[in-house]
Amino acid sequence: MTMEHRRRIDILLDPDFLTDLETAPVAELRDRRRMADEVETELSFYRRLLHGRMDLLAFELNRRSGEETRSLIEALPEILGAGERAGGQQQRVPQVLAPDLPEERRRHIDRVLEDDFLSRLPECGTDELSEIQVVLAETEQEISTGRKAVQQVFDTIQAEIMRRYKEGQVDPDELPVG
């Protein structure tokens, strides 16, 4: 498979991505760090989407078991607001554009997020919802594991950049603008 067909996370997690950090130009390190930051932001966004679906599904299963008496519509603001930051702090929302790929090349997360179970909620049986809940939880775990690995890559690159600043190898006045 050629480089242009590799997913960015695969490129980032390839051990070669972190080779020669000590000799790579600072501009290249910044590009690598930027890529890691973008992928981490994307994975974080996917996690939030999964958590929202998981929270809605958990509420519906609790409602069906009798543990919850409110309707989903009544509880919706509370369910969807559970992940908000305190103090009304705005979060950066990444623009995640997935290419239109044939089914065999699409990512697992794309297929999971496309599941329209929320629009079919009244027709879904409890067993089906429980199965969906397992898929969502497993997918969230995969995304979280990848996100942690990408954060480690980011931190490794950041440490090299900081080392160079501390040792005077890079002039802080030459920081890129913007």
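How far is it, in nm, from the label point at ARG7 to the one at LEU72 when both lie 7 Å from their Cα along the line to the Cβ?
In this crude spin-label approximation the distance works out to 2.7 nm.
Sort VAL134, VAL26 by Cβ crowding within 10 Å, fewest neighbours at the top. Could the numbers behind the result be given before it?
On the way: VAL134 10, VAL26 17.
By the 10 Å Cβ count, ascending, the order reads VAL134, VAL26.
What's the ranking of 143-153, 39-49, 158-168 by average number of surrounding C-beta atoms within 10 Å, highest first?
Packing proxy ranking, top to bottom: 39-49, 143-153, 158-168.
Take the Cβ-Cβ distance between SER130 and GLU38 as r, set R0 to 41 Å, and report the resulting FRET efficiency rounded to the nearest 0.05.
Details: r = 35 Å, r/R0 = 0.85.
After rounding, the FRET efficiency stands at 0.70.
Between ALA58 and GLN141, what length in nm is gained on full extension when 0.36 nm per residue of separation is reduced by their alpha carbon distance? Show your work: numbers first, answer last.
Values: separation 83, 0.36 × 83 = 29.88 nm, distance 1.66 nm.
My answer for the length gained is 28.2 nm.
Using r as the Cβ-Cβ distance of LEU113 and LYS148, and R0 as 25 Å, what FRET efficiency do you calculate, to the nearest 0.05? Mind showing how you got there, number by number?
Working: r = 20 Å, r/R0 = 0.81.
Efficiency for this residue pair is about 0.75.
Where a number appears in this text, it was derived from the coordinates with a stated rule and is not lab data. Source: prediction; values computed, not measured. Note that each Cβ is placed from the backbone with ideal geometry, even for glycine, and that neighbours are counted across all protein chains shown.
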